[in-house]
Amino acid sequence: MWFKNLIFYRFTEQFTHSQEQLQEKLQEHAFSPCKSQELSRYGWSSPCKTLEQELVHEVQGFFMISAFKEEKILPGSVVKEMLNDKVSQIEHEQARKVYKKERDQLKDEIVLDLLPRAFSKYQKTFALIAPQQGWLVVDASSHKRAEELLSFLRGSLGSLPVALPDVQHSPSAIMSHWLENHAEIPQHFEILDECELRDNLVEGGVIRIKGQQLEDDEFVAHLEAGKRVVKLSVEWDEQLKFVIQDDLSIKRLKLTEQLQEQLAEENSEDEIAEFDTNMVQMGLEFTKLYPQLIQVFGGEADRP
């Protein structure tokens, strides 16, 4: 249940909701399946499969929540083909032209007719709330998906005072500097063998490097030519491996063998106890990691 992609948000005001208060608020917006004529549904679901009625799971001050989304799959090509057939039939039988307004109406009718027979696609998005440390972390590969959860949480609670963190120095410039000056790589961080370079002056000027030493002459030449690092794989504190992006999000997070062995020793045969162990360890690691990450990029910016 470890998160794979991390987008961090800083609470701008203290988060004071208890588990009971959160449960009550989220219960009002619990997930229910799409009705026959609905394209999609979004709602809260249990973050722990063994506790189906619990929409908020709390362990040692950390809250885990999850949102569930159902979307009906209606291939555009199918709708278009049926629409064209319907339009052709009307134009042939009635000897008249079908214009845009009527086409749009016919399209809506086709969609409504297909919806009850459409397949569904499901998506679950998790978030970890750390009120004491002042962070909210969403397991999402895109800001759009993270903001969808935050927007729904804001609507469920009435307000949600969070913001993406901003830093003093450009992450891209700092990561490029690390690779140009390996001696200045910060403590607790080790550069691995993957990165992405981008040339801001050339559209589409992207170079992806994987499985190579990032100090080879060929690689250094790209930096000297003005390209800058926008993604960089690192190991942190001998605990986690991940890719830092220039927007401060984290992708493809993995546990080191050392941390996996530690958790294996602590894990229980009880599913809930194992979930709790992983959740607490995850919360502790994340809330220790991100402040360090912000610090190496110059600390949080105090902008108006």
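The values are calculated or read from the model by the stated rules, or taken from the named source; none is laboratory data. Just so it is clear, the model here is predicted, and its values are computed rather than measured. Positions of Cβ are backbone-derived with ideal geometry, glycine not excepted, and every protein chain shown enters the neighbour counts.
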Handout entry: strands (runs of 3 or more DSSP E) (entirely within the range 204-304) containing at least 1 residues that are within 29 Å of residue 61 (Cα to Cα)
Key = 228-236, 240-245, 250-255
Completion exercise
The residue from 55, 83 that alone is outside any strand (DSSP E or B) and closer than 30 Å to residue 149 by Cα is 55
Completion exercise
Taking the range 169-179 and keeping only residues that are of a type in the set (A, V, I, L, M, F, W, C) and in contact with an Asp or Glu (Cβ under 8 Å, 6 or more places away or on another chain), one is left with 175, 178, 179
Exercise for the section: Could you list all residues from the range 238-287 that are of a type in the set (Gly, Ala, Ser) and at pLDDT below 95? Expected result: 264, 268, 273
Exercise for the section: Please tell me if residue 151 is part of a helix (DSSP H, G or I), in contact (Cβ under 8 Å) with a residue 60 or more places away in the chain and either out of contact with any Leu (no Cβ under 6 Å at 6 or more places or on another chain) or not assigned by TED's automatic domain parsing to the domain that holds residue 250 (or both). Expected result: no
Practice task
Just give me the residues in the range 25-39 being small (Gly, Ala, Ser) and either crowded, with 16+ Cβ neighbours inside 10 Å or at pLDDT below 95 (or both), in sequence order.
Solution key: 36
Problem - Checklist (1) farther than 14 Å from residue 275 by Cβ; (2) at pLDDT below 90 applied to residue 52, failing item - result: (1)
Practice task
Among the residues of the range 38-89, write down those that are touching a Lys or Arg at 6+ places or on another chain (Cβ under 7 Å) and among the acidic types (Asp, Glu).
Solution key: 70, 71
Handout entry: Residue in the range 206-225 that is modelled with the lowest pLDDT, counting only those that are of a type outside the set (A, V, I, L, M) and surrounded by 13 or more Cβ atoms within 10 Å (Cβ to Cβ)
Key = 219
Exercise for the section: Kindly establish whether residue 128 is in the same structural domain as residue 56 (by TED's automatic domain parsing) and part of a helix (DSSP H, G or I). Expected result: no
Problem - Among the candidates 182, 143, residue that is without any contact (Cβ under 8 Å) to a residue 40 or more places away in the chain and in contact with an Asp or Glu (Cβ under 8 Å, 6 or more places away or on another chain) - result: 182
Practice task
Being in a helix (DSSP H, G or I) and charged (D, E, K, R) is the filter; apply it to the range 1-48 and report the residue that is farthest from residue 153 (Cα to Cα).
Solution key: 20
Exercise for the section: Could you please let me know if residue 55 is in contact with a Leu (Cβ under 6 Å, 6 or more places away or on another chain) and under 30 Å from residue 139 (Cβ atoms)? Expected result: yes
Problem - Residues satisfying the stated conditions in the range 49-74, i.e. in contact with a strand residue (DSSP E or B) (Cβ under 9 Å, 6 or more places away or on another chain), closer than 18 Å to residue 271 by Cβ and among the charged types (D, E, K, R) - result: 52, 58
